[in-house]
1. Mind listing just one residue for me: the one in region 130-178 that is hydroxyl-bearing (Ser, Thr, Tyr) and more than 18 Å from Ala67 (Cβ to Cβ) and, of those, modelled with the lowest pLDDT?
2. Yes or no: region 5-23 includes at least one residue that is modelled with pLDDT of 90 or more, on the phi < 0 side of the Ramachandran plot and buried (at least 17 other Cβ atoms within 10 Å of the Cβ).
3. Condition first: hydroxyl-bearing (Ser, Thr, Tyr) and either under 27 Å from Ile13 (Cα atoms) or touching a strand residue (DSSP E or B) at 6+ places or on another chain (Cβ under 8 Å) (or both). Now tell me which residues in region 163-205 satisfy that.
4. On the basis of being without any contact (Cβ under 8 Å) to a residue 12 or more places away in the chain, assigned to a helix (DSSP H, G or I) and under 30 Å from Thr24 (Cα atoms), does Glu213 make the cut?
5. Would you be able to say whether some residue in region 149-158 is touching a strand residue (DSSP E or B) at 6+ places or on another chain (Cβ under 8 Å), touching a residue at least 24 places away in the same chain (Cβ under 8 Å) and in a helix (DSSP H, G or I)?
6. Can Leu177 be described as within 16 Å of Asn125 (Cα to Cα) and outside any helix (DSSP H, G or I)?
7. In region 180-206, what residues are in contact with a Ser or Thr (Cβ under 9 Å, 6 or more places away or on another chain), among the hydroxyl-bearing types (Ser, Thr, Tyr) and assigned to a helix (DSSP H, G or I)?
Amino acid sequence: MTVFLSPEKSQIIQNRLNNSYLNTLVKWVNINDQLLVTGCNGYLKQNEKFCYLLECLGPVILNIKPAELLNIGHNKNPGGWEEFKKLLIMRPDIGLLEIREINKRKQILFFNRNVLNERLANLYNNNFLIKINYPRSATLEKCLEHLVQKIRSIDFPHEIGLFLGYPLKDVLGFMGLASLPYIKTQGWKVYGNEKLSDQWYERYQSARKLMQEKIGIGS
């Protein structure tokens, strides 16, 4: 499926791809990955590369996806990770929360404040979160604080799908709160009518592809 964006949206994305913020990030990840590969005698797992991390964050940085939850391992270059963080959050609307450590890997929620705010302000999404005991009329920070507390608890909060940009119907279906048939897994588990889920998934994949091309790591 090909997803077409409006001319205005396409222009905004192009501006994001070519601004100095992203140019600085791309230059930094390429240089530091090369140094890291050399230091490791050429052996570096895909998920240990900063280029791969930036690719995964493409939809968030390009204002398409509200958030991304990643487990990252940069033990080979902890100083580099701290520098990458500082560069990433130089843009005021981009934030991150280090949640916990799992098998020597950091679990981190990266988010776009503007996109996530809009997502949580949606009437249906907001009512759903209130029903499962999220603070009423809460700020974005309070909602994220509540979510992180639940992630650190015994029971993983499956409503996180809403924060990650999954359609509400798929979140409700996965949680058993809506009588919708399971259809397939494509980025996440899809329930009921798959058209909306396909559209959202393709938008996220397209943004990731654009970031991949920007970094110059091939197709």
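1. From region 130-178, those hydroxyl-bearing (Ser, Thr, Tyr) are 134, 137, 139, 153, 166; that's our starting set.
Filter once more, so that each one left must be more than 18 Å from Ala67 (Cβ to Cβ): 137, 153.
Details: Ser137: 82, Ser153: 89.
Among those that are hydroxyl-bearing (Ser, Thr, Tyr) and more than 18 Å from Ala67 (Cβ to Cβ), it is Ser137.
2. Yes, region 5-23 has at least one match.
3. Taking region 163-205 and keeping what is hydroxyl-bearing (Ser, Thr, Tyr), we get 166, 179, 182, 185, 191, 197, 201, 204.
Of everything in region 163-205, those that are hydroxyl-bearing (Ser, Thr, Tyr) and either under 27 Å from Ile13 (Cα atoms) or touching a strand residue (DSSP E or B) at 6+ places or on another chain (Cβ under 8 Å) (or both) turn out to be Tyr166, Tyr182, Tyr191, Ser197, Tyr201, Tyr204.
4. For Glu213, the condition - without any contact (Cβ under 8 Å) to a residue 12 or more places away in the chain, assigned to a helix (DSSP H, G or I) and under 30 Å from Thr24 (Cα atoms) - is met.
5. Yes, some residue in region 149-158 is touching a strand residue (DSSP E or B) at 6+ places or on another chain (Cβ under 8 Å), touching a residue at least 24 places away in the same chain (Cβ under 8 Å) and in a helix (DSSP H, G or I).
6. On the way: within 16 Å of Asn125 (Cα to Cα): yes; outside any helix (DSSP H, G or I): yes.
Yes, satisfied.
7. Selection gives Ser206 alone.
The values are calculated or read from the model by the stated rules, or taken from the named source; none is laboratory data. In this text, all values refer to a predicted model and were calculated from it rather than measured experimentally. Virtual Cβ from ideal backbone geometry, glycine too; neighbours counted across all protein chains shown.
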